[in-house]
1. I'd like the full set of residues that are buried (at least 20 other Cβ atoms within 10 Å of the Cβ), assigned to a loop (DSSP other than H, G, I, E, B) and modelled with pLDDT of 95 or more, limited to segment 78-103.
2. Could you count how many residues in segment 159-177 are under 19 Å from the mean Cα position of the chain (by Cα) and within 14 Å of LEU35 (Cα to Cα)?
3. Out of all the residues in segment 25-40, which are buried (at least 17 other Cβ atoms within 10 Å of the Cβ) and either in contact with an Asp or Glu (Cβ under 6 Å, 6 or more places away or on another chain) or in a loop (DSSP other than H, G, I, E, B) (or both)?
4. Could you pull out the residue among PRO22, PRO52 that is in contact with a Leu (Cβ under 8 Å, 6 or more places away or on another chain), at pLDDT below 95 and in a loop (DSSP other than H, G, I, E, B)?
5. Can you tell me which of ALA106, ALA118 is out of contact with any Leu (no Cβ under 8 Å at 6 or more places or on another chain) and surrounded by 21 or more Cβ atoms within 10 Å (Cβ to Cβ)?
6. Filter segment 10-27 down to residues that are among the polar types (S, T, N, Q), under 30 Å from GLN105 (Cβ atoms) and touching a helix residue (DSSP H, G or I) at 6+ places or on another chain (Cβ under 9 Å), then give me how many there are.
7. Quick one: is ARG74 part of a loop (DSSP other than H, G, I, E, B) and at pLDDT 95 or above?
Amino acid sequence: MMKPPLFGRGQRIGLFGGSFNPAHYGHYMVGLYALKRLQLDWVWWLVSPQNPLKDPGETGEYDERLKLTKLVARHPRFVVTDLERQANSRNTAETLLALNQTMKQANFIWIMGADSLANLHKWHHWTDIVEALPLASLARPGYSIRALGSRAALRYAASRVKTGEAAKLVMQKTPAWVFLPMPLRPESSTAIRNLNQPPRSSKQRAGTHKG
């Protein structure tokens, strides 16, 4: 049985899911900006055991990712959770299904980067996610135009909430979503992973050459 963090009935809670492989200050700023602009009581960070759209070979060990995320997400209204591991969920749709009873006791919203909105149509049962709870997409370097022109954004264009009314979003009926511009951060989990990888030997490089 899932054990969600403590919260008050009727509170406003953001669900911020991701691999966090690794978590970095850019993630922190997305969570912080969402907390303030959406006027949330809490942001629950959902560390995913495995993103189904990413290569398992590139996903770091779960406990290490969870530990580092807790170090990065130090804020009195941030709670880093292993809810997705508790639920043994393989995707966001399954996670929300497992949280169904919890979500009836408060007002929840899904927080995602613009890169996730750009690819939302590739997620398992993605329309169920949009119908389950409001979505807030926050700008990320190089993805804003793609996100706003994405299949999901175009399909639900009539359900988009104005940026200035973002604080009302968590209380609105679904489908409802907002795109929030924000100061962009240069951090990238991919770049951090690449930076931390040991350099390949000349033999390894030769083995990958195709002539």
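The values are calculated or read from the model by the stated rules, or taken from the named source; none is laboratory data. What you see is a predicted model, and the numbers here were worked out from it, not measured in a lab. All Cβ positions, glycine included, derive from the backbone under ideal geometry; neighbour counts span all protein chains shown.
1. LEU99
2. Qualifying residue count, segment 159-177: 4.
3. Matches in segment 25-40: GLY26, LEU38, LEU40.
4. Values: PRO52 fails: in contact with a Leu (Cβ under 8 Å, 6 or more places away or on another chain).
The unique qualifying residue is PRO22.
5. Details: ALA106 fails: surrounded by 21 or more Cβ atoms within 10 Å (Cβ to Cβ).
Result: ALA118 is the single residue among ALA106, ALA118 that is out of contact with any Leu (no Cβ under 8 Å at 6 or more places or on another chain) and surrounded by 21 or more Cβ atoms within 10 Å (Cβ to Cβ).
6. The first filter runs over segment 10-27 and keeps only residues among the polar types (S, T, N, Q), leaving 11, 19, 21.
Within this subset, residues satisfying the condition of being under 30 Å from GLN105 (Cβ atoms) are 11, 19.
Filter once more, keeping what is touching a helix residue (DSSP H, G or I) at 6+ places or on another chain (Cβ under 9 Å): 19.
Result for segment 10-27: 1.
7. Working: part of a loop (DSSP other than H, G, I, E, B): yes; at pLDDT 95 or above: yes.
So ARG74 fits the description; yes.
Table: residues versus (1) over 29 Å from LEU6 (Cα atoms); (2) of a type in the set (Gly, Ala, Ser); (3) in contact (Cβ under 8 Å) with a residue 60 or more places away in the chain; (4) touching a Leu at 6+ places or on another chain (Cβ under 9 Å).
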site: HIS75; (1), (2), (3), (4): no, no, no, yes
site: THR95; (1), (2), (3), (4): no, no, yes, yes
site: GLN101; (1), (2), (3), (4): no, no, no, no
site: PRO134; (1), (2), (3), (4): no, no, no, yes
site: SER159; (1), (2), (3), (4): yes, yes, no, no
